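Here, each number is a calculation from the coordinates, and none is a lab measurement. Note that the structure is predicted; figures quoted are calculated from it, not measured. All Cβ positions, glycine included, derive from the backbone under ideal geometry; neighbour counts span all protein chains shown.
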Amino acid sequence: MTDIHWMSAGELLAAYKSKKLSPVEVMEATLARVGELNPKLNALSHVDDKAAISAARASEARWQKGEPLGRLDGVPTAIKDLVLTKGWPTRRGSKTVDPDQPWNVDAPCVARMREHGAIIYGQTTTPEFGWKGTTDSPLTGITRNPWNIEKTPGGSSGGASAALASGLMPIAVGTDGGGSIRIPAGFTGTFGIKPSYGRVPAYPLSPFGTVAHVGPMARTVEDAALFLSIISEGDTRDWYAMAPDGRDYTQGLDGGIKGARVAHSPRLGFVEKIDPEVEALVASAVHKFSELGAIVEEADPAIGDPSDTFQTLWWSGAQFLLGELSDEKKALLDSGLREVVDQAASISTRDYLNAVKARESVGTTMRQFMEGYDFLVTPALAVPAFDVGRIAPDGYEGRQWMEWTPFSYPFNLTQQPAASINCGFTREGLPVGLQIIGRMFDDAGVLRAAQAFERIEPAAIMRAPI
C-alpha cells in the first residue's frame, strides 16, 4: 500500500471502506508526520492532537458499522487561518486580532466539511489578512516550500500548499482574492482551483469584496473535484452565493477535451517580464492539449493591463479593513501591509468607482473572448518560487507582489474559474504551474481539462522530496 501520507482522499476512503486502514491509524501517522516536518516548514499555525484523535475514533466507529457520516469521513485536513473555525481563534496571521473572544461559528466550507465527517486537526498559515503572494507574517513567521525550504511556497494559502506538498493532508481549504490558491499551487506543484465567484459560499464576506473566492486545494484533480462538490453546498449566510445545484464534480471528470477549443496566451497581451524557463515549460505543456484532441491556437484577450484597476480595488479593501486601526495596532502590522493601507488613504470615491467601471469592461471583454474558446491557458506565474522572507524576486519589485503575479489577478476581476496544475520543473527542480481558465460557471470543464492533462503529464503528481 502507498505510504499513508501520500494517499489521496479517495484512496483513504476506499481503504476505510475495505477496512485495510482505520481513521485512527491515519490520524496517528499524520500527527507523527506533522511533528516531524512542521517545525521545518511552518505550514500549520495550530494543531489540536486531542480533538483529532477523538474525531478519528468516532469516524472509525462509524466505518466499522458501515455508516460513514458523509463523503469525507475520516479524511484529515486543516483550515486556512482566514476562515472561521469553531473553537479555535482565527487570528488571520495578525497580532492585531485578539484571540480572547468567542469563536463559536464555522464558516460555510468548514460546516460542510464537518457534516461530511472530515477530521479538521489544525489551521494553516497565511500572510497577515491574506494580503500578499508569499506566506510569512508577524504572528507566525516564515512558511517554507517542501521542494526547497529556502524558497517560499507562495501565498496567501501557502500553509495549505506546503502541507499538501509535504504529505500532511490530501485536501485543504484555500482562499483566492488575487491568486492566493493558484500562486501557492504553482510554487509547490499541487493543484488548486479558484471556482466561479459564488460557487462556494463564504461567511463572513471578504473585506476585499467580490474578487475574493473560496476553493479547494489538493494533490490530485479528482480530490479537488470531490472537495468542491462538498463545499459548494448551499449556505444562506452568503447572499452572493449561487443557488446550489447539487452537482457532483467527480462525475464526468474523465470525459476528456477532444474537440475543445483552447486559446494559449503566453503573456495575456500585456505581460512584459516572464522567466524564460517558465515560459518555455508552459509552451511545451500546451502542446499536450493538442495530443488530447483539443484545437489549440495562440490568442490574447484584449483586456489591456488591468493592474491599476485591481490595485485600486484591492488597496481599497485593505484601507476599509485596517485604515481605522489605532496607531498602536498599525505598528503591529506587516510593514508592507501598513504601506498599502497608507497608500490607499489617497484613493478617492471617484477613483474607486472608475475602477469598478474598468473592471466591468475587463469582465465583458473576457466573456466575449470566451465565446470563441472553451479554455484559455497561460502560465500560472511569471516566476518560479523565490527566496523566503521576500515579497518579490529580483527585478519584479513593482506594486508589492503584483508584478510577478500578472496571470492570476485578472481572473479575480472577471470571476471566472481558474486552476493551476504542475507542468514541469526548472533546472533547480522547482515546480512550474500551468493555468487553465474556463468560461464563467464552467468549473466542471476546468476540472475535466485539468484531469485530462494530469493523466498524461507525470509532473502533475510528482512528490516533493521533503
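Values for this structure:
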read-out: Karplus 3J(HN,Hα) series, Hz, for the range 67-81 with 6.51 cos²θ - 1.76 cosθ + 1.60 (x for Gly, Pro); value: 10, x, 5, x, 8, 10, 4, x, 7, x, 7, 9, 10, 4, 6
read-out: Under 5 Å, built H, 5+ apart or other chain: amide partners of Gly424; value: Val432
read-out: Rg/Rg_globular for the range 1-106, with Rg_globular taken as 2.2 N^0.38 Å and Rg from C-alpha atoms; value: 1.19
read-out: CD proxy at 222 nm, helix term only [per DSSP H run n ≥ 4: -39500 (n - 2.57); per residue of the chain; nearest 500]; value: -11000 deg cm²/dmol
read-out: Loop sites in the range 267-300: trypsin sites (Lys or Arg not before Pro), DSSP, at most 15 other Cβ within 10 Å; value: Lys273
read-out: Given charges at beta-carbon only (K, R positive; D, E negative), |dipole| of the range 359-408 in Debye; value: 120
read-out: Taking the chain and dividing mean pair separation by its residue count, relative contact order in percent (alpha carbons under 8 Å, at least six apart); value: 17
read-out: Amide H within-cut-off set for Met242, under 5 Å, with H built and near neighbours excluded; value: Arg199
read-out: Relative packing of 413-426, 167-180, which averages over residues the other C-beta atoms within 10 Å, highest first; value: 167-180, 413-426
read-out: Size of charge dipole - the range 8-461 - debye, nearest 20, with Cβ of Lys, Arg +1 and Asp, Glu -1, no other charges; value: 820
read-out: Spacing of the two label points (7 Å from each Cα toward its C-beta) at Asp3 and Glu298, in nm; value: 4.1
read-out: Peptides 351-361, 8-18, 217-227 ordered by average Cβ neighbours within 10 Å, highest first; value: 217-227, 8-18, 351-361
read-out: Beta bridges per DSSP with both ends in the chain, % antiparallel, nearest 5; value: 70
read-out: Derived scalar couplings ³J(HN,Hα) [the range 236-248; Karplus, 6.51 cos²θ - 1.76 cosθ + 1.60; whole Hz; x for Gly, Pro]; value: 6, 6, 9, 7, 7, 5, 5, 5, x, 10, x, 5, 9
read-out: Shape category assigned to the range 377-452 from the gyration tensor of Cα positions, a/c cut at 1.5; value: oblate
read-out: For the range 181-253 and the range 128-165, distance of Cα centres in Å; value: 20
read-out: For Ala118, residues with placed amide H under 5 Å, excluding near neighbours; value: Leu72, Gly74
read-out: Sorted peptide list for 142-155, 441-454, 57-70, criterion being average Cβ within 10 angstrom, highest first; value: 142-155, 441-454, 57-70
read-out: Span-rule helices in the chain, defined as complete DSSP H runs reaching 27 Å or more along the axis (Cα) with Kyte mean at least -0.5; value: none
read-out: Karplus (6.51, -1.76, 1.60) ³J(HN,Hα), θ = phi - 60°, over the range 391-402, in Hz, Gly and Pro reported as x; value: 9, 7, x, 4, x, 10, 8, x, 6, 6, 9, 6
read-out: Cβ-based exposure ranking for Leu430, Leu164, in which fewest neighbours within 10 Å come first; value: Leu430, Leu164
